Amino acid sequence: MIDTLFSGVIHGSAYALVAVGMSLIFGVTNVANFAQGSIVAVGMMVACQLGGMGWGFAPTALVVIAVTGVLGFVMNAIVISPLEGRKPIAALLATIGVGQIIDSSLQLIFGTRTRPFPDLLETYNFQLGGLRFGTSDIVMAITAIVLMAALWAFLTYGKAGQAIRATSQDPDAARQMGVPVGSIRNLSFVIGSVLAGISGIFVGLFNQSVNPMNGGTIGMTAFVAATIGGLGSIPGAVVGGLALGVIEAFGISWFGDGAHDLITFGALLLILILRPQGLLGGRDSVHSEPMTGTFVGEARPLFLPWWGNLLLVAAAVAVPFFASDYISGVGTQVAIYAIAAVGLTLISGLSGQTVLGIAGSIAVGAYAVGILTTRQHLPFLLALLIAGLVAAVVASLLTAPVWKLSGHYVAIATIGVGAVTVAIIRLWTPLTNGSLGISGIPMPRVFGQLLYTQQMQLLLDVIVLIFAVAIVSRIHRSQLGATFAAVGADQDAAESLGIRSGAYKALAYALAAFFAGIAGGLLAAQYTYIDPTIFTTTMSTLVLTIIVLGGMNSPLGAVLGSIILIGAPELLRVAADARVIVYGLLLVVIILFRPQGLVVRRRAQ
């Protein structure tokens with residue numbers, strides 16, 4: 001019991017350091033920095049490399065501070081600052097892109113294998129009763145306390161700290177009073193990144209092994225901690241980090257490591273439902289919606305005549321008849337991701353609600369098809385339709401309590417919904433076979449014909465994609481689409497006209513989940529084997545990146561985005577290891593220079 005509590009406090013201290021930096025950045029810039037976890041990974045890997053070369057703790061920590069501080073400054077100066085005055089969603093998506101670039105760069109530099117972390121400090125050299133701990137635990141606790149106290153003193157008494165507080169409360173008023181808001185925002189990113197880097201050192205010492213991809217998990221958990229404490233509240237970040245660390249420690253002790261995501265993101269959903277502003281956050285702590293909005297208003301409409309659409313359909317249907325096995329295999333991936341992305345345009349495009357957990361709905365669809373075809377032996381098309389409906393129902397049930405909240409809290413909730421969905425799949429072993437997954441999923445059989453070749457499966461996927469584009473495009477042009485657009489353009493104005501924005505966003509999300517479920521079902525049929533590790537946060541961000549690239553409000557743009565992001569790197573054999581860097585760079589470049597995307601549609605009137 002005591003050792004579990006101690007472990008939770010130590011782990012929670014690391015979460016708190018990262019969460020404090022995240023809340024500081026959020027409070028000053030109103031940006032939810034999803035690259036914070038990647039900065040943690042930078043701290044881990046730099047410390048691991050230097051420690052392996054024989055460096056001591058102090059010089060290693062100084063280098064980590066310098067490297068992560070520079071990264072934070074560069075991130076804000078080059079990517080975030082130019083987005084000031086744009087839609088708040090722009091900065092959020094840009095940080096996702098930056099995180100992808102950093103994560104993939106770390107893999108290229110350090111490799112993908114898990115490596116032991118050097119003994120910069122002793123880890124188990126003390127024992128008190130039945131509790132074993134090390135110098136690293138003591139130093140971490142002292143460091144966390146000292147850093148929190150120093151940050152409090154700096155923000156309370158320091159001139160620059162007071163400027164940070166003034167900028168956090170009212171940037172425009174601070175600017176009128178002569179506060180260099182741009183410099184203050186740079187400083188906030190530097191401080192937040194340094195805290196993340198220092199945390200990375202202690203995470204490595206605690207876990208005794210590191211992997212370049214570990215930062216994403218830690219960063220997302222720290223974001224949950226910051227949300228639990230209250231986004232923008234530094235004391236709340238400390239409380240949220242410690243509370244989450246202890247909750248995780250006891251939860252894993254009782255239910256096993258497989259329950260980690262269910263505990264973490266279940267706690268997130270619970271706090272959003274009961275107290276969305278967090279334990280110590282104020283109801284007015286968020287100045288504008290940082291996770292909502294679209295770029296539709298910035299776009300010039302692009303239309304195709306009827307014969308243009310007809311030619312596109314004919315060309316798409318013809319591809320499977322001339323494609324090789326390899327091209328067809330790539331094409332099925334393009335079509336599947338495009339189907340999920342086309343549906344996402346309804347909620348993240350028209351309705352202006354960012355969704356960051358669509359992989360959960362894809363997982364539900366995949367498992368529904370896997371279970372229905374292997375155990376119930378249902379015909380594939382019927383199983384596929386049921387998969388879409390089940391995905392829509394599950395997504396609706398899990399998000400039902402949060403639609404009464406403001407937009408950015410719903411966006412956070414979609415992260416939790418996606419993670420909780422996959423966690424339930426992992427834990428529901430009698431139904432889903434747990435972490436082992438489902439194997440032996442049969443190839444699709446349509447109207448008695450077994451689709452045993454890649455070309456046949458591509459033809460099926462293309463036909464489903466055509467129907468998806470046609471249905472979603474019809475919704476875009478309908479009265480329902482006009483209502484979605486009204487909610488996305490100005491939620492307050494829509495509600496003043498009697499439109500129930502929460503209900504319409506819930507409907508748009510259910511429709512998006514339906515198409516994601518269909519995509520998941522086709523994915524299961526192509527892979528013939530699925531397990532929970534397939535449906536990651538990376539999958540969710542990739543689908544979101546696709547519609548940002550093509551145009552958040554454009555079904556055809558979603559198809560083009562999928563061709564570019566999924567098909568082109570594979571067909572052109574762009575360095576496989578650098579592919580995610582390409583994704584991240586494309587996302588950042590699009591946000592900076594063409595936020596409306598490559599293909600756009602006129603908002604329904």
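The values are calculated or read from the model by the stated rules, or taken from the named source; none is laboratory data. Keep in mind that what you see is a predicted model, and the values were worked out from it rather than measured. A quick note on method: Cβ atoms are made from the backbone with ideal geometry, for glycine too, and the neighbour counts reach across all protein chains shown. The protein model used for the area step is the full one, side chains on, heavy atoms only, and it has no ligands, DNA or RNA in it. Shrake-Rupley method; radii C 1.70, N 1.55, O 1.52, S 1.80 Å.
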inquiry  = Given the criterion among the aliphatic types (A, V, I, L, M) and without any contact (Cβ under 8 Å) to a residue 60 or more places away in the chain, identify the matching residue among A486, A423.
reply    = A486
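For (1) in a helix (DSSP H, G or I); (2) at pLDDT 70 or above; (3) open to solvent by 10 Å² or more (accessible area, probe 1.4 Å); (4) not assigned by TED's automatic domain parsing to the domain that holds V355, each residue gets a yes or a no:
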position: I564; (1), (2), (3), (4): yes, yes, yes, no
position: V574; (1), (2), (3), (4): no, no, yes, no
position: G584; (1), (2), (3), (4): yes, yes, no, no
position: I591; (1), (2), (3), (4): yes, yes, no, no
position: Q605; (1), (2), (3), (4): no, no, yes, yes
task = Please report, ordered by residue number, the helices (runs of 4 or more DSSP H) entirely within region 108-210 with at least 1 residues that are crowded, with 18+ Cβ neighbours inside 10 Å and of a type in the set (S, T, Y).
result = 135-157, 159-169, 181-207
query = Of all residues in region 389-430 being farther than 19 Å from A359 by Cα and at pLDDT 90 or above, which is least open to solvent (accessible area, probe 1.4 Å)?
reply = T429
request  = From L350, L356, L372, L346, grab the single residue that is open to solvent by 10 Å² or more (accessible area, probe 1.4 Å) and in contact (Cβ under 8 Å) with a residue 60 or more places away in the chain.
outcome  = L356
ask   = Has region 392-404 got at least one residue that is assigned to a helix (DSSP H, G or I) and within 19 Å of A558 (Cβ to Cβ)?
value = yes
ask   = Restricting to region 66-81, what's the tally of residues that are touching a helix residue (DSSP H, G or I) at 6+ places or on another chain (Cβ under 6 Å) and open to solvent by 60 Å² or more (accessible area, probe 1.4 Å)?
value = 1
task = Please give the number of the condition G97 fails out of (1) surrounded by fewer than 22 Cβ atoms within 10 Å (Cβ to Cβ); (2) in contact with a Leu (Cβ under 6 Å, 6 or more places away or on another chain).
result = (1)
